[in-house]
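Colleague: Have a look at this one before I ask anything.
The values are calculated or read from the model by the stated rules, or taken from the named source; none is laboratory data. A quick note: this is a predicted structure, and the numbers were derived from the prediction, not measured. Cβ sites come from the backbone with ideal geometry, for glycine too, and all protein chains shown count toward neighbours. The accessibility values were calculated without ligands, DNA or RNA, using every heavy atom of the protein model including side chains. Shrake-Rupley method; radii C 1.70, N 1.55, O 1.52, S 1.80 Å.
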Amino acid sequence: MTTDTLSKMVSYGHEQVVFCNDKESGLRAIIAIHSTLLGPALGGLRMWPYPSEEAALYDVLRLSRGMTYKAAISDLALGGGKAVIIGDPKKDKNKKLFEAFGRYVDSLGGRYITAEDVNIDVHDVDIIRTKSKHVVGTDRNLGGSGDPSPFTALGVFMGIKATAKNVYGSDSLKGRRVLIQGVGSVGAKLAHSLISDGAEVLVSDIDLDRIERLKKELPVEVVSHDKYASTPCDIFSPCALGAILNDQTIPELKCRVVAGGANNQLERPEHAKLLKQRDILYAPDYVINAGGLISVFREISGYSQIECEQKVRGIYN
């Protein structure tokens, strides 16, 4: 395991990988620090029922590398890091779990700063904050910037408008069919913005409860989760997990644009070339989804919601 992990670290260019185990709380986590060249490695924590430790390691290595790119392209004084907890967020969350994780974060002395990601909310990071000051995205009543997902969604929305301008000659989304795959905290907020701009929104998610909640709020068309790639649309917006653009899905796509909030959308770098061969414009994920990182960085440098929103809207350019 150690040799294999070190080999993967070398291939991805990582500085440090920390495996965390706490028997009392049941914590099993991995913290990956990809780079601290431009500043401390900031990146959110996600909780997922990974089928194996290898799958968790693969995910956290790719995610942390993406954070390095995201911070650099956004001109932020940050490096890239990420953390994952192996577990079912619907069953395994508890206070002691996040306290134990906070102690591990604190042991790194500020080299890694954590925040929210998939299945982790403000309440969770507020618990982590009781054991470490190296946490952002905390409750605004505690001096934090709060949930970063609205800014992530705003950045994705601005990126979608920029791609529409490039492909269709106008950044108006009126009448454009946009398929959102994954309507969690980012995807659902994105749907609201798209409909406000006149788009026809299609949604797909493995979590049917999320779909039902969104249907009560918005006039969306539902697509089966096994049909998202083959459903005709103008813009496909992946907002769930990574590796969604691969050998199986790219030949099925019936769109002109891929622009979404998910991290690591390309399973392999060469899949970008396959999209280009099919004349599909791809908005790089680490550019278009940088709004959340911009938001929590502002918490470190002195939070201003107005300045933060201006910076996120700049993703368009």
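Colleague: Could you work out the mean projected area of the convex hull around the alpha carbons of the chain, in square nanometres to one decimal?
Modeller: Averaged projected hull area, Cα only: 15.5 nm².
Colleague: Can I ask one more? Normalising by the residue count of the range 1-121, find the relative contact order in percent from Cα pairs under 8 Å and 6+ residues apart.
Modeller: This gives 32 percent for the range 1-121.
Colleague: In addition: Let me know the shape class of the range 227-317, please: from the alpha-carbon gyration tensor, a ≥ b ≥ c as square roots of the eigenvalues, rounded when a/c is under 1.5, otherwise prolate if a/b is greater than b/c, or oblate. Write down the numbers at each step before the final one.
Modeller: Working: a/c = 2.72, a/b = 2.37, b/c = 1.15.
Prolate.
Colleague: Right, here's the next one. Got a sec? Charge dipole of the chain, +1 on Cβ for Lys and Arg, -1 for Asp and Glu; which of G81, G26, A162 is way out at the positive end?
Modeller: Positive-most Cα among the choices belongs to A162.
Colleague: Which aspartates and glutamates does K215 reach when only Cα atoms under 17 Å apart count, and residues fewer than 8 places away in its own chain are ignored?
Modeller: E200, D205, D207
Colleague: Given Cβ point charges of +1 (Lys, Arg) and -1 (Asp, Glu) and nothing else, what value in debye, to the nearest 20, does the dipole of the chain about its Cα centre take?
Modeller: Taking the Cα centre of the chain as origin, the dipole is about 380 debye.
Colleague: For the range 61-180, with every protein chain kept in place, what is the accessible area per residue (1.4 Å probe, Å²)?
Modeller: 39
Colleague: Ok, one more. Excluding residues on the same chain fewer than 8 positions from K70, give the lysines whose Cα lies under 20 Å from its Cα.
Modeller: Of all the lysines, those that pass the test against K70 - Cα under 20 Å, at least 8 places apart if same chain - are K82, K161, K311.
Colleague: Same structure again: Please list, or write none, the aspartates and glutamates whose alpha carbon is within less than 12 Å of the alpha carbon of K93, excluding same-chain residues fewer than 8 places away.
Modeller: D121, D124
Colleague: For the range 66-202, place one equal point scatterer on every Cα, skip the solvent, and apply the Debye formula. What is log10 of I(q)/I(0) at q = 0.15, 0.21 Å⁻¹?
Modeller: Treating every Cα as an identical point scatterer, log10 I(q)/I(0) equals -0.86, -1.25.
Colleague: Compute, for the range 208-317, the length of the dipole vector about the Cα centre, with Cβ point charges of +1 (Lys, Arg) and -1 (Asp, Glu) only. Units Debye, rounded to 20.
Modeller: Rounded to the nearest 20 debye, it is 160 debye.
Colleague: Could you go through the range 217-232 in sequence order and give the Karplus-derived ³J(HN,Hα) for each residue, using 6.51 cos²θ - 1.76 cosθ + 1.60 with θ = phi - 60°, rounded to whole Hz, and x for Gly and Pro?
Modeller: 9, 9, x, 9, 9, 8, 10, 4, 5, 9, 10, 4, 6, 9, 7, x
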